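**Q** What follows is a structure written as structure tokens; I'll ask about it next.
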């Protein structure tokens, strides 16, 4: 896998977005929308209609995966499901909105739980990218002693086989398997369900030609987001989720205990490197950063500009960028 951190981390992306006239930022017109849309399409883009791999998913697999995702019996003491940390019902943002998540026995993990919404579009899973696929990721928390605490794959399978309905559902979902109730198939089914968690927001409506989909303030924030260099890391349709970067390019981050991706790769170049989070639905997923340091989006934006770009933003700039980021929330979930 390409280690994007090996690129010149002090590069300052300018591109067409950087050539936009600052004087037009406060205006509200179709002309402003058109001017902002072209560079945004070139650097960002719209969320695809389907996730990679979903073409092979069956309705039976998705149905089984959804049941598994919400089933607390996958934890040792029947207290924790996937949805406990990655809340997708109640119109939530795919997270628990906790600094770090509490596991089945009350202990907390060391990192903030990332959203599961749109996760199948990411280049890898977890903050350090240690799982390549959704299925790989699904296997981890169930056996993690701090999270769901199941002692073994065998015990998980035994619980599933003790439920006649599950046995029937696994048989329907994996009809070619002689013994379909397996830990691998559990993970495949959960992944199939997670590949349905694609969100739809006003920003995509804007990119597809909806001049009125964004307010003038949100367009101002979009242009500023491009102009100051946020798109150096947060680019592509997910506005992130497609690369790894060092946290603290221009200024060191305050948390030096979590060394990031180096724990996976053992490569010194990956010290303090983390997956760039997607900014889709970011307004719904506080608190922010891998350690949940920032309670508000405003403080996260301000520190990111300082750490990654060496820029101190004023209140007006921060407010404009936060306004733009609000347009990235799933329309149904943003109205909760």
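Each value in this text was obtained by applying a stated rule to the coordinates, not by laboratory testing. None of the values given here were measured: they were computed from a predicted structure.
**Q** Using a ≥ b ≥ c from the Cα gyration tensor of the stretch 128-173 (square roots of the eigenvalues), is it rounded, prolate or oblate, where a/c under 1.5 gives rounded and otherwise the larger of a/b and b/c decides, a/b for prolate?
**A** Details: a/c = 3.68, a/b = 1.54, b/c = 2.38.
Oblate.
**Q** How big, on average over all directions, is the shadow cast by the Cα convex hull of the chain, in nm²? If you can, show how the numbers build up before the last one.
**A** Numbers: hull surface 68.9 nm².
Value for the chain: 17.2 nm².
**Q** Once the Cα atoms of helix 134-143 and of the chain are each reduced to a long axis, what angle between those two axes, in degrees from 0 to 90 to the nearest 10, is obtained?
**A** 60
**Q** What residue among 254, 101, 152 has the largest mean-square fluctuation in a Gaussian network model of the chain, using Cα springs under 10 Å?
**A** 254
**Q** Still on this structure, I have one more. Give the separation of the Cα centroids, the stretch 59-102 to the stretch 270-336, in Å.
**A** Comparing the Cα centres of the stretch 59-102 and the stretch 270-336, I get a distance of 24 Å.
**Q** GNM, the chain, Cα, under 10 Å: largest mean-square fluctuation among 250, 121, 69?
**A** 250
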